[in-house]
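Below: the structure, in structure tokens.
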Amino acid sequence: MYRRSKSLVCLALLLCLSFWLGAAVADEGEAFRAPDWDPILGAPHGPSEWEKAHEHEFDFIYPETDDPPTAPIVQAAEWEPMSKVLIRWPLGLSTALIAEMSENCIVVTIVANTSTMNTAINSYTSAGVNMSNCEWLIAPSNSIWTRDYGPWWVFDGNDEQGIVDHIYNRPTRPDDNNIPWVYGAEYNIPVYGMPVVHSGGNYMCDGMGIGMSTDLVYNENSGMGPAMVDQYLFEYCGIEDYDVRPDILTSGIHHIDCWAKMLTPDKIIAKRLNPPNSTLEANVEYWENKISSYGTPYEVIRVDCYSSTPYTNSLILNDKVLVPIFGSDLDDEALQTYADAMPGYEILGFTGSWVSDDAIHCRAKGIADQYMLRLVHVPLQDRENNGQPYEVEADIHSYSNLPMVPGTPELMWRLEGQTTWNTVAMGDQGDDIYVGYIPEQANFSTIEYYVHAEDESGRREDHPYIGAPDPHSFHIGPDVIAPEIVHQPLGNLSTYEWPATITCIATDNGAISSVTVEWFLNSAQQ
């Protein structure tokens with residue numbers, strides 16, 4: 001685990017500055033607080049006026065790093081299995097929203113001390129929160145923006161979950177910056193200090209090696225340059241393709257979750273504004289032509305927004321999508337847009353103190369299941385009928401290190417319009433690779449399928465994550481590729497023994513066969 005000696009020096013400096021400037025610093029369990037921060041919620045989302053004036057007096061808290069996690073590194077996407085969600089008290093979320101989260105997920109609440117925890121317990125109990133699904137992280141903090149300063153979840157090459165801690169881009173908030181280290185110590189998870197200034201709201205990834213941010217990340221790390229930033233994201237998070245796009249505004253916090261969100265490895269939801277924002281439209285056009293981890297261009301779904309309604313600032317929490325609503329005439333349309341884009345998910349709208357660059361996603365941070373059953377698969381694309389079955393390959397790994405339940409994984413498939421799923425056992429090829437075959441189907445068929453797996457920890461997962469309600473699909477077209485025949489012409493006939501044998505290789509859209517023809521020549525022809 002990385003050492004944090006510099007952070008202690010910076011914290012001491014902060015305490016001295018707070019005393020000098022009259023900022024409130026309590027004895028034990030309370031965090032540093034600047035004079036113009038909210039006395040209850042703490043720091044605002046963007047820098048306060050006091051922070052703007054005094055930020056130059058604070059150093060970024062750089063960790064003293066040793067090595068990044070052991071490669072290869074996997075960073076979980078937001079739609080992958082989450083066992084917990086991290087928030088902070090006093091809340092920036094309604095207790096009704098906390099109650100919804102607690103139905104199927106453990107809510108970890110950051111509280112300053114045991115007295116604050118008891119206050120939160122009373123409030124949660126009154127609101128119907130599932131208290132058996134509540135845990136508490138007692139630590140000082142500066143604000144409610146757990147998305148921005150919270151842990152990033154990775155799995156290393158030894159199958160162990162780790163936390164990557166970026167340098168929080170608010171140096172005036174040392175207690176927020178320290179939360180990933182407190183969490184790691186509390187839950188015995190190693191923490192790796194990535195020496196990149198960043199903010200969680202300005203980051204998303206697809207779980208397959210692609211990450212996305214606005215150019216804020218390059219601007220805030222101008223001393224090292226884009227290539228070095230990209231290298232650190234690869235070394236610490238396994239990001240092979242760091243897709244950094246220009247932000248759509250010239251002011252504000254410049255976080256990508258204010259205007260776009262990845263829903264799957266090949267699907268992005270993005271704002272649509274009226275009048276159009278030229279930078280936003282250019283980014284959408286770029287994604288519609290960029291190849292995703294599925295080998296196809298991104299499908300970009302547009303959600304109509306006013307500048308004050310960031311519907312993209314939603315939270316995916318397993319099979320629920322928690323969407324901010326604003327009392328706007330666009331609310332119902334936004335919820336329907338999500339329902340159309342994510343069949344099978346429970347789409348739930350929640351009001352709150354949301355603003356144009358801040359809503360649910362900013363104030364909550366999913367915690368990836370430490371022992372998840374993880375399925376990775378590149379879906380089959382439309383193809384011509386070559387007379388062969390359709391091979392489905394999936395990388396399926398149990399981080400609990402427990403074996404698969406006998407009979408799984410399974411390949412579930414059906415023709416479009418059918419209600420019954422056919423089941424095919426997937427064979428173990430070694431190294432977590434499993435293969436199953438869908439039988440050949442008639443021309444113009446559309447095949448739907450998903451992969452299902454279970455391990456002996458009790459985890460049951462599908463790919464795509466939601467499974468049967470929104471399966472993968474591909475279309476079978478007729479064979480329009482003419483057979484190719486390869487033949488080496490005979491040479492000098494006098495050198496052959498008769499009858500002569502003519503051999504050719506015929507290739508027909510993937511099927512290869514050897515065709516042998518015997519031709520008998522009479523003596524006159526010889």
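Numbers for the structure displayed
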read-out	value
Enumeration of residues in segment 309-323 that are part of a loop (DSSP other than H, G, I, E, B) and either open to solvent by less than 10 Å² (accessible area, probe 1.4 Å) or modelled with pLDDT under 95 (or both)	Thr309, Pro310, Tyr311, Thr312, Asn313, Ser314
Qualifying residue in segment 115-133 (condition: under 26 Å from the mean Cα position of the chain (by Cα), surrounded by fewer than 21 Cβ atoms within 10 Å (Cβ to Cβ) and part of a strand (DSSP E or B))	no
Selection status of Ile269, β-branched (Val, Ile, Thr) and part of a loop (DSSP other than H, G, I, E, B)	no
Any chance Gly327 is open to solvent by 10 Å² or more (accessible area, probe 1.4 Å), at pLDDT 95 or above and within 21 Å of Cys105 (Cβ to Cβ)	no
Residue ID - surrounded by the fewest Cβ atoms within 10 Å (Cβ to Cβ), chosen from residues in segment 336-354 that are touching a residue at least 60 places away in the same chain (Cβ under 8 Å) and among the β-branched types (Val, Ile, Thr)	Thr351
Search result, residues across segment 442-458 that are open to solvent by less than 30 Å² (accessible area, probe 1.4 Å) and either touching a residue at least 40 places away in the same chain (Cβ under 8 Å) or within 22 Å of Asn401 (Cβ to Cβ) (or both)	Ile447, Tyr449, Val451, His452, Ala453, Asp455
Test: residue in segment 141-160 that is open to solvent by 40 Å² or more (accessible area, probe 1.4 Å) and over 26 Å from Met372 (Cβ atoms)	no
Residue check, Gly430 within 25 Å of Asp206 (Cα to Cα), surrounded by fewer than 19 Cβ atoms within 10 Å (Cβ to Cβ) and under 24 Å from the mean Cα position of the chain (by Cα)	no
Matching residues in segment 295-308 - criterion: being crowded, with 20+ Cβ neighbours inside 10 Å and under 17 Å from the mean Cα position of the chain (by Cα)	Tyr298
Selection within segment 257-274 - among the hydrophobic types (A, V, I, L, M, F, W, C) and open to solvent by less than 10 Å² (accessible area, probe 1.4 Å)	Trp259, Ala260, Met262, Leu263, Ile268, Ile269, Ala270
Which numbered condition Ile438 fails, given (1) crowded, with 18+ Cβ neighbours inside 10 Å; (2) closer than 14 Å to Pro389 by Cα; (3) without any contact (Cβ under 8 Å) to a residue 40 or more places away in the chain	(3)
Criterion: at pLDDT 95 or above and acidic (Asp, Glu) - qualifying residue of Glu51, Glu80	Glu80
Single condition Ser473 does not satisfy, out of (1) more than 17 Å from Tyr294 (Cα to Cα); (2) open to solvent by 60 Å² or more (accessible area, probe 1.4 Å)	(1)
Residue count for segment 170-205, restricted to those that are closer than 19 Å to Ile253 by Cβ, open to solvent by less than 10 Å² (accessible area, probe 1.4 Å) and free of Cβ contacts under 8 Å to residues at least 60 places away in the same chain	4
Residue list for segment 26-47, restricted to those being loosely packed, with under 15 Cβ neighbours inside 10 Å, aliphatic (A, V, I, L, M) and either at pLDDT below 50 or farther than 17 Å from Thr146 by Cα (or both)	Ala26
Check on Val164, under 19 Å from Ala364 (Cα atoms), open to solvent by less than 30 Å² (accessible area, probe 1.4 Å) and part of a loop (DSSP other than H, G, I, E, B)	no
Any hit, segment 476-485, residues being surrounded by 13 or more Cβ atoms within 10 Å (Cβ to Cβ), at pLDDT 95 or above and in a strand (DSSP E or B)	yes
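The values are calculated or read from the model by the stated rules, or taken from the named source; none is laboratory data. All values derive from a computational prediction rather than experimental measurement. All Cβ positions, glycine included, derive from the backbone under ideal geometry; neighbour counts span all protein chains shown. Each accessible area value is taken on the protein alone, full model and side chains, heavy atoms only, with ligands, DNA and RNA left out. Shrake-Rupley method; radii C 1.70, N 1.55, O 1.52, S 1.80 Å.
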